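To start, the structure under review is shown below, and the notes come after it.
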Amino acid sequence: SHTVINTRFGVDSRSCLPVCRSWLVTSSQINIDPYYLSQLQRMAHQYPDSLLVLDACLTRNYTERCEIDSSHKYSYPQILRESIFCVIFRGERMGQFVLLEAMAANCIPVVVIDGHVMPFQNVIDWKRCAVFVMESHLNTLMDVLNDVSERRIRQMQRALLFVYTSYFSSMEQITLTTLDIIQDRVFPHLARTYDQVNLLPFEVNTNPLFFPITAPKSHGFTAVILTYDRVESLFLLIERLSKVPSLMKVIVVWNNQKKNPPPLADFPKVPKPINVIRTKANKLSNRFYPYKEIETEAVLHIDDDIVMLTSDEVEFAYEVWREFPDRIVGFPSRTHIWDNVTEMWKYESEWTNEISMVLTGAAFLHKYWSYLYTKDLPSNVKDWVDDHMNCEDIAMNFLVANMTNKPPIKVTPRKKFKCPECINNEMLSADLGHMVERSQCINRFAESFGRMPLKSVEFRADPVLFKDPFPEKLKRFNDIGSL
């Protein structure tokens, strides 16, 4: 058997390194350009323990390859499993198996083909699992590969195994991949993201704190409406939300266990799907449950009586959220102040220059926060919310601020959110003790969190041109409400 000392790592190849292979790089492709073959032979003489150059044997057999100088015979493609990198050259024919054979052996392809279009290149990030060397720079091959760290090699091998298994391991996988790409082009608003196509399961990031880029616009948002029995107001809200371009789905959380929700046939006929979810108990925390029906990252949490928002306002708020997916982005704002007389925190109304909370009666959040609210919110906070039927919005503001150390973002000038069709005594905010209880919530939550995480800020996001005397056709958001 052929045993070598891998001088690059300074260990016997039989010891189990993470890469665990005898050769650094192998060239086993037959009928390559004689110029490239001669260059490889010169490098093989210079790096006899790292570079293995093979060609067809005298007796032509596809399952065999022979070393050019010694005529030593190797089984093919088994020999590819003994190499970390496999060189891929331009072949005599457009269709060739050498790339797939290298991938099947988990041998990292080194593509020496200028301008080559890799399979499914428009969706697969080949730089995660392959090395590209210009044809004119073939003489630098060994320098390039010797500079690849052992950690990077392990990463590329894992990525290559994932790509091969997911997209190339059989004709069925290749066909399904092709159909998926066609579907993504036909339905771009449902298209898979870069992460979904390229990242391994353990690499996929669900925490908006660490998102590297702006959230994709094409995926839109899901509207989650918490309701009890205000059907007329609910239907009006659904009709208005359906006009928002980026809305993908409406989820109605029916919080009334004593009364059945209206049948779907009675709901407004809108061009967006509607899901009705019946809860098992009347709890305000139900609005933040991470329902499996929520498929988008962005979630608009909205009360059934917030019917005054325009389509432009909601779409603009979604655009702002895309820039700040880790924040609460929305409309009703409040703040907290320290009362030196009572030496306690006090809940304040919207009529201030500062804000520290955006209420979730009309706000965008990443769905990750719903998961954290359900799984990681201090139990005494959640119990208080459910027992008192109040302050779930404050609890969510505490949760997000505690994780991010950032304030929320209020959008548009609108400050009044009273339902014109609703009777005041039906609304929680009509209760004279409402402000007092909200202040109690802030103090209890600060004690539970061990600190006051809320951050105050004098900031509001408005469309740039909405107040400027420009023609409406030059503006994206014309219908922005006033106070």
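The values are calculated or read from the model by the stated rules, or taken from the named source; none is laboratory data. These numbers were taken from a predicted model, which means no experiment stands behind them. Heads up, the Cβs are rebuilt from the backbone with ideal geometry, glycines too, and the neighbour counts pull from every protein chain shown. Calculation scope for accessible area: heavy atoms of the full protein, side chains included, ligands and nucleic acids excluded. Shrake-Rupley method; radii C 1.70, N 1.55, O 1.52, S 1.80 Å.
Restricting attention to the range 358-375, the residues that are outside any helix (DSSP H, G or I) and either without any contact (Cβ under 8 Å) to a residue 12 or more places away in the chain or closer than 20 Å to Trp345 by Cβ (or both) add up to 3. Condition (residue is closer than 28 Å to Phe364 by Cα, within 16 Å of the chain's Cα centre (by Cα), modelled with pLDDT of 70 or more and small (Gly, Ala, Ser)) applied to the range 188-196: is it met by at least one residue? Yes: the range 188-196 contains one or more residues that are closer than 28 Å to Phe364 by Cα, within 16 Å of the chain's Cα centre (by Cα), modelled with pLDDT of 70 or more and small (Gly, Ala, Ser).
List the number of the failed condition for Pro413; all other conditions in (1) part of a helix (DSSP H, G or I); (2) open to solvent by less than 30 Å² (accessible area, probe 1.4 Å); (3) modelled with pLDDT under 90 hold. For Pro413, the exception is condition (1). When the test is whether a residue is among the hydrophobic types (A, V, I, L, M, F, W, C), free of Cβ contacts under 8 Å to residues at least 40 places away in the same chain and not in a helix (DSSP H, G or I), Val144 does not pass it. Scanning the range 380-399 for residues that are assigned to a loop (DSSP other than H, G, I, E, B), hydrophobic (A, V, I, L, M, F, W, C) and farther than 11 Å from Leu359 by Cα turns up just one, Met389. Listed by first and then second residue, the pairs with beta-carbon distance under 7 Å, at least 6 apart or on different chains, first residue in the range 279-298 and more than 14 Å from Asp393 (Cβ to Cβ), second open to solvent by 40 Å² or more (accessible area, probe 1.4 Å) and hydrophobic (A, V, I, L, M, F, W, C), are Thr296/Met248. Only residues that are open to solvent by 40 Å² or more (accessible area, probe 1.4 Å) and within 15 Å of Asp125 (Cβ to Cβ) were counted in the range 162-179, giving 2. The numbered conditions (1) out of contact with any strand residue (DSSP E or B) (no Cβ under 9 Å at 6 or more places or on another chain); (2) surrounded by 14 or more Cβ atoms within 10 Å (Cβ to Cβ) are all true for Gln157 except (1). Tell me, yes or no, whether the range 417-439 has at least one residue that is surrounded by 18 or more Cβ atoms within 10 Å (Cβ to Cβ) and modelled with pLDDT of 85 or more. Among the residues of the range 417-439, at least one is surrounded by 18 or more Cβ atoms within 10 Å (Cβ to Cβ) and modelled with pLDDT of 85 or more, which makes the answer yes. The listed residues are Leu99, Leu17, Leu51, and the only one of them that is out of contact with any Pro (no Cβ under 9 Å at 6 or more places or on another chain) and modelled with pLDDT of 80 or more turns out to be Leu51. Determine which single condition Ile306 fails, assuming it passes every other condition in (1) touching a residue at least 60 places away in the same chain (Cβ under 8 Å); (2) in a helix (DSSP H, G or I). Condition not satisfied by Ile306: (2). Residues that are open to solvent by less than 20 Å² (accessible area, probe 1.4 Å) and outside any loop (DSSP other than H, G, I, E, B) within the range 246-283 comprise Leu247, Val250, Ile251, Val252, Val253, Trp254, listed in sequence order. If the condition is being open to solvent by less than 10 Å² (accessible area, probe 1.4 Å) and touching a Leu at 6+ places or on another chain (Cβ under 7 Å), then the range 333-371 contributes Ser356, Met357, Ala362, Phe364, Trp369. When the range 79-119 is filtered for residues that are outside any loop (DSSP other than H, G, I, E, B), within 20 Å of Arg154 (Cβ to Cβ) and open to solvent by 10 Å² or more (accessible area, probe 1.4 Å), the ones remaining, listed by number, are Arg81, Glu82, Ala104. Tell me the residue from Asn139, Asn122 that is open to solvent by 70 Å² or more (accessible area, probe 1.4 Å), at pLDDT 90 or above and over 25 Å from Asp180 (Cβ atoms), please. Only one candidate qualifies: Asn139.
Of all residues in the range 241-259, those that are small (Gly, Ala, Ser) have Cβ atoms under 7 Å from Cβ atoms of residues that are in a loop (DSSP other than H, G, I, E, B) and surrounded by fewer than 19 Cβ atoms within 10 Å (Cβ to Cβ), 6 or more apart or on another chain, in Ser242/Val270; Ser242/Pro271; Ser242/Lys272. Of all residues in the range 199-215, those that are of a type outside the set (Ser, Thr, Tyr) have Cβ atoms under 9 Å from Cβ atoms of residues that are open to solvent by 60 Å² or more (accessible area, probe 1.4 Å) and at pLDDT below 80, 6 or more apart or on another chain, in Asn205/Pro212. Residues that are in a loop (DSSP other than H, G, I, E, B) and within 41 Å of the chain's Cα centre (by Cα) were ranked within the range 47-78; the one that is nearest to Ala105 (Cα to Cα) is Pro77.
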